[in-house]
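For reference, the structure is listed below as structure tokens.
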């Protein structure tokens, strides 16, 4: 018999609690109790805290991985591999996720038990349960940041011998830098204003630039590479970016990362943009920014024939191959992002620490199975 | 013995003249008389007037086509097919063109004779001179608008069965619409505010939207397709865009096309952006726009997982295959863009008419060989 | 209440009959009455006779198209778009089809009613029933030959301006030639030994070569193109090929098409091979051929850096976009393959005529709805 | 003043000598003293012995790398990146190389001095001479086996998380296995019959299968992977393949590798075929094999929807990015292939040792600069 359900509940801006929850059902409450005929209910082995998302890795008799995206597997976008913008699982717009505002009304995955719809499509089964449990810290990253960072690197055209600049050394940035190395990059440079996070990036072989000390990025890149430009760049920051240098960091400058990446990237280069940009931002500083309109130096990108790929990562496009790389020891994603396991009940503290800039990726352990 | 040289000279904003010119030399005057060891001097059979560029189609014993880009064929970008941003032919930045400000100091091609550097790389030889002369109006389009429009369609992912919206019915827009059809699009919709240009688009099977009459693009698209979105969209307008609707058209709104394309394009769709965006625009209305910074609703594109490809078309990537399509009667590009032949000496009148919105693509005929 | 079921039954080599059949069930009899939980039973509006396959186009309240492949939509191959080799629907090997030996034991589709498993994945819904009925002869081709021919052209790299040689002017060959034109080929050359089929190819603008009259293919190609090679080639014949020329046609020469395509295709070109090659051929002339081993001049292909794509077409990768091209009048596939509607009960005659080389694609009309 | 020229001369089957040679000229003697206007004469720092080819790495004031292919940089194939089948440098057929029979009559590169035609296109300049000299053993591999092995892996679709089988543990096989790891493969399995070469493969993390001991490859693969198939396979052996198992190895079986790869590769998988297959093989055992016709089980590949890429590697497509990976310590190609430096005058001994199966890649050092 399963233990009682319990999980993280969002109470309002900055406020989360762990509460007792009803046991999951095969229905989608917020869409009129729509029944979920292809669903499964999973016992969660490990789940993550993400800056922008809340999602999960779970398992029952076998272990399985769950992408943070929810997708139907039947619509045109799913059939084309674009599971991040599934047409059927969110009445409001294309694309859905667990426990996230305006993303379809699905229950969050930071809990002991969770319902996964279209389970035969969404779940990735690990080949062997024991092997999976031995690497569960790494495999937990398959739900969100590892595919997301990889998507950024991949869509930026990173490959054998590339030089890359990764903007941001948070968990997605570190996962992206890890992915750049896995894809064969010659040099991976990570920029951030948080010294602990930069130290984490340096710990696995990245070059780093401390943006709180330097406001001339091309100059810094030239000191590393001999030329002031990189082949490819990835924006792992998104719209909450701040300015560079001693002063700049006080002010939110939502387009600063994108604009600096266009300066940094060589002609004919590509930019991957997994960092979140929103359509509406009530807390923004300007009227334009409130509707997601930013001052972008598109003329510069055009002059350099840049390409840009945006949007939520379609996790399913990448999770199987990344799982293989993890299971065969080709990548140490948990170590690189400093995955740190905490009990489910400490999730609120995890949120708080993460918000303060801890150079950690928190893994929640709702049944005490990971620590064991 | 060749006749005396003569060509279009740019005298300042809005002012061009046809003057007698020195016969071309194998050197690049404005880069310190740098010798051009791989150059040829061509007798020009046909050349074009383009809103943004001035470039050519020429021939001597055999007929050849010249891309508007100048490229060296030896640098990393050229080797990768990115001839629009060649690293060697413009000391100021990557990318060069004939007769264009800040593009390397090369003499313009609207003349009787012109020097082509790196000729063995840059020239496309037509298989047969007589066959080429019979289709010279179409082949003249290989230098600029046909590859440019095709590049826009191609990078927007247009293929068999696509629905496409092409912003702008100027020569590039009409060439792009033609390319969409050649690529197998199911429905090609062209939007503009100029009724003659829209009529031209309708004449070869495009659906059209008159933006001077309608300001709700998705509604118009829905009337045509049954859904308010297209699979792919191409911006053939660029930074000189104006607002839509009865009032909007009075004001320049440089990002309005890009922003409307994000609204119009379905999730996971792609946007091709061959329309010019500049790094510096002295005549712009705002400080931001003067340095090429525009208010772009990137949050919307991100939510829909859009991809964007910008920049000058790498003509060489496409011109051979488009030549084949022309020579074998698979496309009527001259008819579709309303190619209109005028003598070289009437070039200033051509510029003036084009500036007033004539639904024509002017082909210059410096030796009277096209009209013959 | 539906009318009684009735359909084509295969009685042995060369022998088919139309018989009364049991009404379809939601189970797979030949796999131990395995229940089909995602299945639907369709009333068939139109279905086809294919040389190698038997499959269907069907509909009930709305009209839908069914690929000849059966696929689960959940396995690794399906998720990657390789629905022709689904891992779950045939216990014997990857890949399944309706009514075909060794392809999973599924009931054939040349019947009044048929069960479609994994229906939410396999079916393609037409946007509008009336519009679909008006073009049902064309849409019927979406189940088999149109995607198959398109796959051959696409994987051979056919695109704007290509020169292509299509081996075989049977229904797949004609569908491939149609696809080459849709993809923008400059010249499409079709070779066969059947004058009626060649006439059919010529009727929509293909060049033709009568292989019963000529045994020097490169010479024939040179007369058409000016050069003895094409950019791309497609094998729409497969292992039942015969030799060329006046004598050759008497003997089966199973590798003759592949070998001639390597001679005909230029260096760095690609070969699409949708024509069927089998793993076991009891009727073959040699021991090698009986196990599918053919004498292939691989050294020639290697010297020319050729690439080869083989296998059953993954219909789902193409059927939506081809449907759009049909519905918007961009392609006349039924006319080009000479689609000929006959009642279900005349299917045996259709098989016989097809076997004799009729230049027709037979469409079966089990409810008299197409003829109406 | 340069020292006298000296180099390896091919005297006939199995017979090479180092002789004094004329100093190179800017002409192509065997094509009627055709002048080479874009050529350079290089002092060779390091060059290689390859089983099938003879080519070089050379340098003068700066260090440069030379692909074994000779290419013009102006023809259609070169412009498309297919430099392995350049149309202009070999009158007999597309594609040329240094010092190789029927490949254009170019002088070989195993010498102190060599002429490189179209030098501005063919040469890859190292960023820094001292840095290059420090890694010259690795960089010497850029001329032949490293790009060749990488091409095999890349065209087989090897990427993050792939399982791969590499047939052959000679220098190209080892370079391919190295490339698989660089591309992120989860498991790289190498098969050969030479225990020393297999040991070399195992030394850098490959799984190995000794084909002299085992004739059931799928069974061996299953012991390693848990399944009897791999995602991708590369043929680094070519037409001189021998049978497997205790007996089979006595007999040459030119198609045995290709046929076993089709058995081993999963459905929808790809095969890279950089191993040489020839159009004419005077020493072959059968009449078919003498003209390059082999008994290939194409029916099996077809049933599994395999794709095949053949041909000489277009070195230029890969050498820059592989150079970057070497210079930034992302790959240890010299160590992995056991690069062994010998003086030029010992080249005949190197040939003999290599022919006997030494697990070494011989690097020739004509000026004593590498050993220094």
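Shape class for region B:249-348: oblate, because the ratio a/c of the largest to smallest gyration tensor axis (alpha-carbon atoms, square roots of eigenvalues) is 1.5 or more and b/c is at least a/b. Here residue B:348 yields copy-to-copy label distances, from shortest upward, of 8.0, 8.0, 8.7 nm, the label point defined as 7 Å from Cα along Cα to C-beta.
The long axis of helix B:145-155 is offset from the longest Cα principal axis of chain B by roughly 40 degrees. Summary for residue C:4: label point 7 Å along Cα→Cβ; distances to the equivalent points in the other copies, ascending, 6.5, 9.7, 10.1 nm.
Packing, taken as the mean count of other beta carbons within 10 Å per residue, orders the peptides A:139-150, C:180-191, C:281-292 from highest to lowest as A:139-150, C:180-191, C:281-292.
Order A:115-126, B:155-166 from most to least packed using the mean count of other Cβ atoms within 10 Å.
Answer by packing, highest mean first, reads B:155-166, A:115-126.
Across region B:226-372, the mean sequence separation of Cα contacts (distance under 8 Å, 6 or more residues apart), normalised by length, yields a relative contact order of 18 percent. Taking Cα centroids, how far is region D:7-23 from region B:332-367 in Å? Answer, in whole Å: 64.
Shielding by partners for peptide C:317-328, expressed as the average number of C-beta atoms from other protein chains within 10 Å of each residue's C-beta, is 4. PRE reach from residue D:199 (point 7 Å along Cα→Cβ): which of region D:330-372 fall under 16 Å by backbone N? Backbone N within reach: D:336-339, D:357-361.
Helix B:171-182 and the long axis of chain B differ in direction by around 70°, with both axes built from C-alpha atoms. Grab the beta carbon distance between residue D:131 and residue A:346, set R0 = 51 Å, and tell me the FRET efficiency rounded to 0.05. It comes to 0.55. Only beta bridges with both residues in the protein assembly as shown are counted; by DSSP, about 50 percent of them are antiparallel.
Restricting to region C:155-264, compute how many DSSP beta bridges are antiparallel as a %, nearest 5. Among the beta bridges of region C:155-264, antiparallel pairing accounts for roughly 5 percent.
Take every DSSP beta bridge whose two residues both sit in chain C; close to 50 percent of them are antiparallel.
Other chains' Cβ within 10 Å of C:157-164 residues: what's the mean?
Values: counts 0, 0, 7, 14, 14, 3, 2, 0.
Per residue, the average neighbour count from other chains is 5.
Taken residue by residue and averaged, Cβ atoms of other chains lying within 10 Å of the Cβ of D:230-241 number 1. What sits nearest the axis between copies C and B, counting only chain C Cβ atoms, is the residue and whole-Å distance C:184, 4. Helical runs (DSSP H, four residues minimum) scored at -39500 (n - 2.57) apiece and divided by the length of the protein assembly as shown put the mean residue ellipticity at 222 nm at -7000 deg cm²/dmol. Here region C:164-299 is treated as a Stokes sphere of Kirkwood radius computed over C-alpha pairs; at 37 °C and 0.692 mPa s its diffusion coefficient rounds to 219 µm²/s. In terms of its C-alpha gyration tensor, the protein assembly as shown comes out rounded, because the ratio a/c of the largest to the smallest axis stays below 1.5. Going by a ≥ b ≥ c, the root eigenvalues of the Cα gyration tensor, does region A:140-187 fall in the rounded group (a/c under 1.5), the prolate group (a/b larger than b/c) or the oblate group? In terms of gyration-tensor shape, prolate. What separates the residue D:35 label point from its copies, with the point 7 Å along Cα to Cβ, is 1.3, 8.6, 8.7 nm, written shortest first. The equivalent ellipsoid that matches the C-alpha gyration tensor of chain C spans semi-axes of 33, 22, 20 angstrom, in descending order.
Which ordering of C:43, C:335, A:266 is given by a fewest-first count of other beta-carbon atoms within 10 Å?
So the residues, fewest neighbours to most, are C:335, C:43, A:266.
Can you list the residues of region D:183-202 with backbone N under 16 Å from a point 7 Å past the Cα of residue A:329, pointing along Cα to Cβ? Within reach of a label on residue A:329, which here means backbone N under 16 Å from a point 7 Å along Cα→Cβ, region D:183-202 contributes D:185-189, D:202.
Using alpha-carbon pairs under 8 Å, 6+ residues apart, how would you state the relative contact order of chain D in percent?
Computed over chain D, the figure is 18 percent.
Each Cα pair under 8 Å and six or more residues apart adds its separation to the average, and for region A:80-220 the resulting relative contact order is 12 percent.
Read-outs throughout are calculated quantities, based only on the coordinates presented, and are distinct from any laboratory measurement. Because the structure is a prediction, the values reported are computed rather than measured. Cβ: placed from backbone, ideal geometry, glycine included. Neighbour counts: every protein chain shown.
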